[in-house]
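The values are calculated or read from the model by the stated rules, or taken from the named source; none is laboratory data. As the structure is a computational prediction, the values presented were derived from the model and not from experiment. As a convention, Cβ positions derive from the backbone with ideal geometry for all residues, glycine included, and neighbour counts pool all protein chains shown. Ligands, DNA and RNA are excluded from the accessible area calculation, which covers all protein heavy atoms including side chains. Shrake-Rupley method; radii C 1.70, N 1.55, O 1.52, S 1.80 Å.
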Amino acid sequence: MNKNIAIVLMGVAGVGKTTIGSKLSQETGLPFFDGDDFHSKANRDKMTAGVALTEEDRQGWLIALQGVIDKELTNTGCIVACSALRETYRELLAKKNTSKVKFVFLEGSTELIQERLKARKGHYFPLTLLPSQLEIVERPTEALTLSITNTPSQLVTTIMDTLLNTHVTKSEIGIIGLGVMGKSLTQNFVRNGITVSVFNRELAGVEEQVAKRFVESMPSLKNTQAFESYEPFIISLESPRKIFLMIEAGEATDLVLAQLSNLLDKGDGIVDLGNTYYKETEQRVEAFAKKGIHFMGCGISGGEQGALYGASFMPSGDKAAYEMMAPYLNKIAAKDNQQQPCSTYIGKGGAGHFVKMVHNGIEYAEMQLLAEMYQLAKSAGKNPSEIATMFESWKAENLDSFLLNSTISILNTKEGDEWLIDKIVDASESKGTGTWATNTLTNEAIPATLIANALFARQISSYKNLRVQFAATYPSNTHPIEINVKSLKHAYLFAKTIIHYQGFWLLHEFSTNNHWSLNLSEIARIWTRGCIIQSSFMEQLVTILKTTPHIILEASIITQINTTRPGATEIITTALNNNIPAPILSDAINFFNAISSANSSANLIQAQRDFFGAHRFLRIGATATEHYAWES
């Protein structure tokens with residue numbers, strides 16, 4: 001980069017000379033001198049009083065700045081902010097160094113400049129003096145003229161490219177947030193031939209030079225640019241800019257978006273890949289649309305390995321944002337059995353984050369179901385490796401899944417002669433998605449009960465001390481139980497089927513209520529690879545969901561339920577008889593019994609409501625509700 005140059009940022013007060021000068025200095029390393037600091041006290045007092053400077057007043061000021069330029073040009077050069085409104089002023093500043101002093105004329109409408117001056121606080125130059133400057137300004141013929149309607153980042157980039165011959169290589173995309181997932185996504189993008197700029201905040205003593213050290217630690221990232229401040233990060237990106245956020249949802253995301261909101265231009269795009277509540281995404285889509293910036297919420301599933309080698313993506317929001325971001329997401333997404341990317345446009349607003357939330361609800365329920373199968377087998381006297389072997393045999397019968405394979409690996413893991421699983425405290429945690437999903441299904445009156453019960457099972461487990469206390473008061477059976485392994489497998493398949501039915505039913509009902517037009521088959525397709533709930537069963541659902549959201553009415557599923565239901569009932573009976581908790585299996589059976597019963601006990605519930613609350617009821621064969629005088 002050619003630094004042996006003095007760049008003079010000129011124009012009337014309020015055009016942003018100081019702002020641009022500071023940013024340009026930060027980017028180039030050239031020292032910045034603000035002309036306002038070189039005025040005499042007498043000059044500042046006059047301007048504070050609203051009195052315009054005379055030619056004599058300006059003479060000493062200009063000579064002082066010309067001395068700074070002369071001195072700095074003997075070193076590396078400099079950047080100077082000076083109004084330099086007349087040609088004679090510019091001739092004085094460039095004296096002896098005409099070829100090395102370059103002027104940048106910042107201009108804008110009077111209305112815009114007035115707005116900026118009104119908003120400026122603590123400066124001695126009053127708005128009333130603006131007309132006196134506008135009267136004497138002489139447009140330069142030998143200067144780079146730039147409109148202040150451009151953002152500071154754009155102006156800095158243009159100045160550097162034009163006057164300093166930087167020709168900075170621009171990255172195709174930017175990633176903010178270099179936790180485990182952010183680092184994995186970066187490597188995935190780079191492996192797929194996409195140039196990346198990465199940003200991570202600086203936090204003294206906690207997070208320092210994270211981006212720089214990450215890039216330097218991996219030879220494969222030699223062309224990846226690393227930043228710890230926003231402005232140069234933004235400058236490093238191709239226009240329109242495409243930024244992916246991989247940071248903690250909530251306040252952390254809000255803080256980053258507030259920064260980006262002031263730095264990005266119309267037409268730029270942002271993708272939030274965090275586990276964000278879908279209603280927050282909808283608010284952000286709307287807010288950024290008003291600024292002309294494309295915003296998209298995108299669910300992602302697959303964990304660290306998915307981010308590194310191919311995840312499932314669930315983008316939604318601004319359709320223009322999707323069109324901009326889709327080529328990049330498609331490159332790093334997992335591929336289905338037809339080699340199509342496991343990424344698709346989910347819909348408007350926060351639909352993508354909603355679908356990810358339901359994905360996690362299904363995940364919660366499946367994890368709890370596997371834990372129940374493990375607990376039942378353990379109660380029958382099987383050790384972890386024997387349980388893993390049993391689960392392995394299930395894979396050959398079309399029960400293969402990521403979660404099942406993960407569980408097998410966990411159960412086979414030993415430290416010395418001991419199984420690691422036996423050393424882990426039996427108190428599980430949960431994050432926001434499970435709670436959000438449970439709140440949503442209750443608020444929307446959609447009885448996807450298994451998701452809620454999986455969350456409640458985790459919450460109960462967290463009361464470890466209380467459970468120990470109660471167990472001492474109410475001792476359970478400690479002898480091995482008798483259990484039919486084939487029935488246990490059937491119980492697993494039965495409950496797994498109901499979990500998936502409830503999950504897709506929740507998506508269908510919510511989509512109908514909110515006019516989202518979710519494509520359930522397409523959602524199932526992008527869940528066949530890359531994500532946590534990928535399975536051979538999900539492959540079947542891709543076809544089934546093309547014709548009905550009610551998978552339990554499809555012929556093969558009907559046969560499957562009729563085959564496995566007796567085993568599920570047998571196993572839950574064994575669990576109840578031996579005081580073994582199995583909330584997911586129990587709820588799957590109860591839900592199916594309820595949803596498949598033409599006649600229920602709800603007539604008594606409605607009669608009770610009418611009895612003490614006059615809530616009315618509908619008589620069989622009638623079309624209008626009535627209230628009955630029960631005690632008259």
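Using C-alpha positions alone, give me the convex hull volume of segment 413-528 per residue in cubic angstrom.
Dividing the Cα hull volume of segment 413-528 by its residue count gives 192 Å³.
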- Message: From the P(r) of segment 488-561, could you give the percentage of C-alpha pairs in the tail past 21 Å?
- Response: 23
- Message: To the nearest 20 Debye, how big is the dipole of segment 314-405 about its Cα centre, given +1 on the beta carbon of each Lys and Arg and -1 on that of each Asp and Glu?
- Response: 260
- Task: May I ask what percent, to the nearest 5, of DSSP beta bridges between residues of segment 157-245 are antiparallel?
- Result: 10
- Along its principal axes, what span do the Cα atoms of segment 272-362 show, with the longest given first and each in whole Å? 39, 28, 20
- Item | Beta bridges by DSSP in the chain, antiparallel share as percent, to the nearest 5 | 25
- Against the longest principal axis of the chain, how steep is helix 402-412, in degrees 0 to 90 to the nearest 10, with axes from Cα atoms? 80
- Task: Only Lys, Arg, Asp and Glu count, each charged at its Cβ (+1, +1, -1, -1), so figure out the dipole size of segment 433-548 about its Cα centre, rounded to 20 debye.
- Result: 340
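Rg(Cα) of segment 325-465 divided by 2.2 N^0.38 Å?
With N residues counted in segment 325-465, Rg over 2.2 N^0.38 Å equals 1.26.
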- Item | Under 5 Å, built H, 5+ apart or other chain: amide partners of VAL101 | ALA6
- Which aspartates and glutamates have a Cα lying under 19 Å from the Cα of LYS414, excluding residues fewer than 8 positions away in the same chain? GLU386, GLU392, ASP422, ASP426
- Item | Cα-Cα P(r), segment 185-274, percent of pairs per 5 Å interval | 3, 12, 23, 26, 22, 11, 3, 0
- Message: Taking the Kirkwood radius as the inverse of the mean 1/r across Cα pairs, report the Rg/Rh of segment 87-153.
- Response: 1.01
- Distant-in-sequence amide H partners of SER343 (H built 1.01 Å from N, under 5 Å): PHE313
- Query: Taking only C-alpha pairs under 8 Å that are 6+ residues apart, what is the relative contact order of segment 1-139 in percent?
  - Reply: 44
- Item | Positive-pole candidate from GLY250, GLY297, ALA287, dipole of segment 236-310, charges at beta carbon | ALA287
- Query: Size of segment 382-437 along its principal axes in angstrom, Cα-based, largest extent first?
  - Reply: 37, 32, 15
- Message: Could you tell me the relative contact order of segment 528-630? Use alpha-carbon pairs under 8 Å, at least six residues apart, and round to a whole percent.
- Response: 10
- With unit charges on the beta carbon (Lys/Arg positive, Asp/Glu negative), name the residue among PRO341, SER600, LEU62 whose Cα is farthest towards the positive pole of the charge dipole of the chain. LEU62
- With R₀ set to 51 angstrom, the calculated FRET efficiency between the beta-carbons of ASP45 and VAL180, to the nearest 0.05, is 0.30
- Message: Given the whole protein assembly as supplied and a 1.4 Å probe, what does the accessible area of PHE32 come to in Å², nearest 10?
- Response: 50
- Could you work out the per residue convex hull volume over the alpha carbons of segment 144-206, in cubic angstrom? 132
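Given R₀ = 45 Å, what would the calculated FRET efficiency be for ALA64 paired with THR169, taking r from the Cβ atoms and rounding to 0.05?
Calculated value: 0.70.
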- Task: With θ set to phi - 60°, apply the Karplus curve 6.51 cos²θ - 1.76 cosθ + 1.60 along segment 429-436 and write out the HN-Hα couplings as whole Hz, x wherever there is a Gly or Pro.
- Result: 10, 9, 10, x, 4, x, 5, 4
- Note on the structure: The size of the Cβ-based charge dipole (Lys, Arg +1; Asp, Glu -1) of the chain about the Cα centre, to the nearest 20 debye, is 540
- Item | Tilt relative to the chain, helix 152-163 - C-alpha long axis, 0 to 90 degrees, to 10 | 50
- For the chain, calculate the relative contact order in percent as a whole number, restricting contacts to Cα pairs under 8 Å that are 6 or more residues apart. 10
- Note on the structure: Volume per residue (Å³) of the convex hull spanned by the alpha carbons of segment 1-115 is 110
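Given R₀ = 56 Å, FRET efficiency for GLN114-SER428 by Cβ-Cβ distance, to 0.05?
Using R0 = 56 Å, I get an efficiency of 0.40.
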- Message: Can you tell me what percent of all Cα-Cα pairs in segment 473-632 are more than 28 Å apart?
- Response: 44
- Query: Roughly how tilted is helix 251-263, in degrees to the nearest 10 and between 0 and 90, from the longest Cα axis of the chain?
  - Reply: 30
- Label-to-label distance, nm, for residues given as ARG86 and ASP254 (7 Å Cα→Cβ offset): 5.3
- Output for segment 411-447: trypsin sites (Lys or Arg not before Pro) sitting in coil per DSSP, at most 12 other Cβ within 10 Å, listed by number, reads LYS431
- Between the alpha-carbon centers of segment 459-521 and segment 553-592, tell me the distance in whole angstrom. 11
- Query: Which residue, chosen from SER316, ALA326, SER261, occupies the Cα position most advanced towards the positive end of the dipole of segment 217-373, where the dipole is computed from +1 (Lys, Arg) and -1 (Asp, Glu) charges on Cβ about the Cα centre?
  - Reply: ALA326
- Item | Spacing of the two label points (7 Å from each Cα toward its C-beta) at GLU138 and THR473, in nm | 9.5
- Item | segment 200-352: C-alpha gyration tensor shape, a/c 1.5 cut-off, then a/b vs b/c | oblate
